[in-house]
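Nothing in this text is a laboratory measurement; each read-out follows from the coordinates by a stated rule. For clarity, every value in this text was computed on a predicted model and none was experimentally measured. When we count neighbours, we look across all protein chains shown, and the Cβ atoms used for this are built from the backbone with ideal geometry, even at glycine.
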Amino acid sequence: MPADHPPARENPMNTDGASATSTATALAEGVWTPVCALADIVPDTGVCALIGGRQIAIVRVGQGDTLYAISNYDPFSRAMVLARGIVGDRGGIPKITSPIYKQGFDLRSGQCLDEPSIVIPVYAVRLQAGMVEVLAGG
Amino acid sequence: MISSKNLVVIGNGMVGHKFLENLVEAGLTGTWNVITFCEEPRHAYDRVYLSSFFNGKSAADLTLLSRPDFYHESGITVHLGDKAVAIDREARTVTSAKGVHIPYDQLVLATGSYPFVPPIKGNDAKGCFVYRTIEDLEAMQAWAKGCKTGVVVGGGLLGLECASALRHMGLEASVVQAASRLMNMQIDDGGGAVLRDKIESLGVKVLLAKDTVEIVKGTEGQVERMRFADRAELQTDMIVFSAGIRPRDELPRSAGLVMGERGGVVIDDQCRTSDPAIYAIGEVALHRNRIYGLVAPGYHMAKVALDAIAGTPAERAMTFTGFDMSTKLKLMGVDVGSFGDAFGATPGSHVVSYTDSQHQVYKKLVLSPDRKALLGGILIGDASAYGALHQFMLNKVALPPAPEDLILPVREGGKPVGMGPEHLPDAATICSCHNVTKGVICAAIADSKLVDVPGIKACTKAGTGCGSCVSLCKDILKSELKKAGITVSNHLCEHFPHSRQELASLVRLHQLRSFDALIARHGSGRGCEICKPTVASIMASTWNEHILERAHAPLQDTNDRFLANIQRDGTYSVVPRVAGGELTPDQLIALGVVAKKYNLYSKITGGQRVDLFGARVEQLPAIWGELIAAGFESGHAYGKALRTVKSCVGSTWCRYGVQDSVGLAIQVENRYKGLRSPHKLKSAVSGCARECAEAQSKDFGIIATENGYNLYVCGNGGMKPQHALLFAADLTPARLLQILDRFLMFYIRTADRLERTASWFNKLEGGLDYLKAVILDDSLGICAALEAEMEHVVATYQDEWKTAISQPDKLKQFRAFVNSDLPDPSIVMVAERGQPRPAFWDEKREHMAALLGS
Ligand SMILES: Cc1cc2nc3c(=O)[nH]c(=O)nc-3n(C[C@H](O)[C@H](O)[C@H](O)COP(=O)(O)OP(=O)(O)OC[C@H]3O[C@@H](n4cnc5c(N)ncnc54)[C@H](O)[C@@H]3O)c2cc1C
Ligand code: SF4
Ligand code: SF4
Ligand code: FES
């Protein structure tokens, strides 16, 4: 069964979404998987990474190196599409919007901004020598 | 002040606290010496929102105390963490576990209930929990750290809430329900099926009609697996019991008060027990053979008991005569509402129901035998009508002649059935938690000039209890504001204090060429899914740069971003341009070859072209490479842009045709192809007045006459069909194009986002005459500018796909994974009528479960 929901609180990104390099903290378990170069992600868009069978959307907010990683699975349409959503903010909360039915998700916590009871998994992400790395559970 | 009389309250839960709050508010602390026993280590907290503890709320966040020292200030003695263990009715004393021994004059029992744990072998295993207090949750949280899976026993309201909490903790969650459907107390089979589907799609496994007979323990006495009556087994790391509640009635029982057969201390309409000095309120009380497991009736009992104890004169005193147990909640994001006689138990009642399995919506109404009154109902998946329907029932509002319209989706061109809050009487209780009527809310809106729901909450307390009345409060607010003629702002979104029209002129005026430049000067924040595509569209129709340029690509909705139309499974469909619907045999073959090679589902569109479905994102460039080689170009079916110009065969073949409608359609389509607009644009050309191309249902339609062409504008098919209006007659092709240039650009400049020409026209002050004056007579003096703007767009046309596949940086975006060339494994096709189609959830449930679980 879907166990795709590690607790939102595992996200090491601090709440104001400061740069990935400064906030990444290695977690107890799991490995950092290099995924792509920062330059491979157009500012204010997402890409999808396949890590151990799991689909993780990596989102670059702004022109700099602010990164978030969130599940690519959109629970509303049940399709793997979140990486293809529009990146923006709601009241300062960085978010990505599902390209199918347009629900927004808080990139920091995975909290759906339109349905309070929905939270999707987020993952730790960092920048290491120009490479984007994601921590996906062991 | 020390008073002579003791009032003792046992239990400081939600209802006990409410009772004391009311007592303080009523100024009775001088009359009574008030003492309360609180078994839990903390003062009353909001049990209803207990689950938010898992979303990071602390115990302090959940407190019900308006100020931390509320009890102290009010002179109420609280024995915290001390449980009352005996009542001596002869001596009128209460004794506590810590040895407090005090006399009472009046005693109130508010001891609530405890979760029922079924007597199953092994139910004491480590890793078995209940869900009632903060301590329960802390224990669950600690245990869950080492777990992968969790099971909730019980598929009622609380069980589902609990399953959702397990999901939030990162566990694979299952719900095991003994009954044959979820929430069997509130909803029927039809609703249960829809709810189950919803819940499963959110990743919680649902096992119905499963009787647990044993919990098998592991070597360390921990939960290992569950065994069911049908011999099936289920591995799990933890179990939460949520199989109902039982009143905590041990005190009144041993004190010899009259008890219900299955527990609960019996109370009368004043909440008095069989001993006139003892009252019982909340979940411990049994009223007319019923326990009320919700907070609102408990709060009502608290008021009733206070009236009785304070000696309020009978004509003003409240009584408890039962309570409406209707509920509306959001379970894991799924709306569930059940009210009144939900099961149609009333003799002779009628049922109307509506099921939409695709959108997982189920609605049912129970009508009186004469169909004039609403007796109850069930709403799953979409409970937006709950507030109004519930009020209709409570206030016995006469139903419209076709009551089914109250739950059916609004049909094309139809108006929603009149069931707005304006139909409710002022006396209607909107918020039952705080007993606030519509009249009170309306008065507050008017007197305090309220403009939002938080204002209503602050002024009237409505909506601050269980929250189920909030949407109704919002509707009332809207209708009151509308009545008062208060207009709602036309700002595009939170990022721009401007309308689309204003933004379009700012872009032109200041020559702004990117979203970043615009938001820096005229907006704030990072933008969103509303302003970004809107600005992208404005940029495209003004400057016409490629929409996948680095500055523009992040603004585009997924369709524009990948130059194809996204479908429900995340694949795309491809529609090459077939101007005027004219297609050569070679082109037809080429389309067939591509469709076959990539296994694409093929269908003729309503716009006279061919749609190829099921292309994965990484296949799009290759598909387009082949289509372009065969002479095709982008059809812009993905854009809010000109779509097609349909045509009939006209004078070329048809014996009635008076002009070459195909030729003109091709000319018009090629002129405006790629033109981005506030919404899609459709057109058609008919070769004679018989109108075979249906031009009068288009944004702009052209009908040939003996003397030239008649132009019709602002028609619409789709959701709200509207006929186009004759704008100009007997035009030459050149004049026709000139008028169209002006008309289209004027619409693009002035319409709101996602506003088709028909709705734009309907709002246009001055109507058709005004539009004619602007476009035909140049009354605003802008026609030269409009024509120049269109000329620029036409001159800078490029085939978006051709450009995209020739530029590596754009091409790079078309891939499923940034770190792998594998196709997306979640895309599964099945065959139907000899072609592929995306699997429905039911067909790939297992497969998806494996993917999401890995
Ligand atoms: C997770 C969850 C979600 C819920 N959601 C909703 C909802 O959405 N809507 C709704 O209407 N209701 C909901 N409820 C039910 C609601 O919480 C109860 O109806 C309400 O709390 C009942 O109040 P009460 O004061 O009778 O009992 P409680 O709140 O349980 O308070 C009783 C208190 O008395 C104490 N006590 C018991 N015996 C003694 C003793 N001998 N001496 C001293 N103290 C004693 C107990 O420890 C407890 O603190 C929910 C309940 C739970 C657990
Ligand atoms: S509209 Fe006129 S010309 Fe065109 S197909 Fe119909 S009858 Fe023939
Ligand atoms: S009418 Fe349009 S939106 Fe509705 S199902 Fe058909 S294609 Fe989709
Ligand atoms: S009805 Fe519960 S808050 Fe209004």
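A few points about this structure:
- In plain terms, the bigger the Kirkwood radius, the slower the diffusion; for the stretch A:41-135, with that radius from Cα pairs, at 25 °C and 0.890 mPa s, Stokes-Einstein puts D at 189 µm²/s.
- Unit charges on C-beta of K, R, D, E only; dipole of the protein assembly as shown, Debye: 640
- As a proxy for reagent exposure, ranking B:R248, B:R181 by other Cβ atoms within 10 Å from fewest up yields B:R181, B:R248.
- For the protein assembly as shown, share of DSSP beta bridges that run antiparallel, in % to the nearest 5: 70
- Each DSSP beta bridge with both residues in chain B is either parallel or antiparallel, and the antiparallel ones are about 65%.
- Ordering of B:812-821, B:561-570 by burial proxy (mean other Cβ atoms within 10 Å per residue, highest first): B:561-570, B:812-821
- Residues B:E172, B:E214, B:E791, arranged from fewest to most other Cβ atoms within 10 angstrom of their Cβ, appear as B:E791, B:E214, B:E172.
- Taking label positions 7 Å along the Cα-Cβ direction at both B:R316 and B:H491, the computed distance is 4.7 nm, reported to one decimal.
- Rel. contact order, % - alpha carbon contacts under 8 angstrom, at least six apart, chain B: 6
- The distance linking the stretch B:546-621 with the stretch B:728-748 is 30 Å (Cα centroid to Cα centroid, whole angstrom).
- What separates the Cα centres of the stretch B:132-148 and the stretch B:443-519 is a distance of 41 Å.
- Our coupling estimate for the stretch B:813-827, obtained by passing each phi through the Karplus curve with A = 6.51, B = -1.76, C = 1.60 and θ = phi - 60°, is 6, 8, 8, 6, 10, 6, 10, 7, 9, 5, x, 5, x, 7, 8 Hz, Gly and Pro reported as x.
- Segment B:D752-B:L481, length gained on full extension (0.36 nm per residue, minus Cα span): 95.3 nm
- Between the alpha-carbon centres of the stretch B:191-227 and the stretch A:55-122 there is a gap of 30 Å.
- 3J(HN,Hα) couplings calculated from phi for the stretch B:255-261 with the Karplus curve 6.51 cos²θ - 1.76 cosθ + 1.60 (θ = phi - 60°) are, in sequence order, 7, x, 6, 5, 10, x, 4 Hz; Gly and Pro show x.
- Over the stretch B:557-634, Cα pairs under 8 Å with separation of 6+ residues give a relative contact order of 36 percent.
- Arranged from fewest to most other beta-carbon atoms within 10 Å of their beta carbon, B:C648, B:C459 become B:C459, B:C648.
- Counting only Cβ charges, +1 for Lys and Arg and -1 for Asp and Glu, the dipole size of the stretch B:500-556 around its Cα centre is about 100 debye.
- A cut-off of 5 Å between modelled amide H atoms, ignoring neighbours fewer than 5 places along the same chain, links B:E214 with B:R227.
- Space enclosed by the convex hull of the alpha-carbon atoms of the stretch B:500-556, per residue, Å³: 68
- FRET efficiency, 1/(1 + (r/R0)^6) with R0 56 Å, evaluated for B:N395 and A:A39 via beta carbons: 0.30
- Gained length - B:S602 relative to B:R225, 0.36 nm times residue gap less alpha-carbon distance: 130.8 nm
- Shielding by partners, peptide B:200-206 (average Cβ within 10 angstrom, other chains): 4
- Efficiency of FRET between B:E846 and B:A179 - r from beta-carbon atoms, R0 30 angstrom, step 0.05: 0.75
- For chain B, a Kirkwood hydrodynamic radius built from all Cα pairs, placed in the Stokes-Einstein relation at 20 °C and 1.002 mPa s, yields a translational diffusion coefficient of 67 µm²/s.
- Divided by 2.2 N^0.38 Å, where N counts the residues, the Cα radius of gyration of the stretch B:611-674 comes to 1.44.
- About its Cα centre, the dipole of the stretch A:41-135 is roughly 120 debye, where the only charges are +1 on Lys and Arg Cβ and -1 on Asp and Glu Cβ.
- Normalised Debye scattering of the stretch B:214-351 at q = 0.09, 0.20 Å⁻¹ gives log10 I(q)/I(0) of -0.47, -1.11, counting only Cα atoms as equal scatterers and leaving out solvent.
- Summed over qualifying helices (DSSP H, 4 residues or more, each -39500 (n - 2.57)) and divided by its residue number, the protein assembly as shown shows a 222 nm mean residue ellipticity of -7500 deg cm²/dmol.
- Relative to its residue count, the protein assembly as shown spans a Cα convex hull of 204 Å³ per residue.
- Other protein chain C-beta atoms within 10 Å of residue C-beta, averaged over A:52-62: 3.
- Think of the protein assembly as shown as having a plus end and a minus end, set by charges on the Cβ of Lys, Arg, Asp and Glu; of B:F241, B:V213, B:I805, B:I805 sits farthest toward the positive end of this dipole.
- As a rough guide to protection, the peptides B:133-139, B:449-455 ranked by mean Cβ packing within 10 Å, highest first, stand as B:133-139, B:449-455.
- Normalised by residue count, the stretch B:758-809 yields a Cα convex hull volume of 132 Å³ per residue.
- Among B:20-27, B:478-485, the order from most to least packed when residues are scored by Cβ within 10 Å on average: B:20-27, B:478-485
- 3J(HN,Hα) from dihedral phi, the stretch B:237-245, Karplus parametrisation 6.51/-1.76/1.60, rounded to Hz, x for glycine, proline: 9, 7, 9, 10, 8, 9, 10, x, 10
- For B:T464 and B:K126, a Förster radius of 41 Å and the Cβ-Cβ distance give a FRET efficiency of 0.55, rounded to the nearest 0.05.
- Residue by residue along B:556-566, Cβ atoms of other protein chains within 10 Å of the local Cβ number 3 on average.
- On full extension, the segment bounded by B:A629 and B:R833 gains 70.4 nm, given 0.36 nm per residue less the C-alpha separation.
- Relative contact order for the stretch B:117-243: 35 percent, from Cα pairs under 8 Å spaced at least 6 residues apart, divided by residue count.
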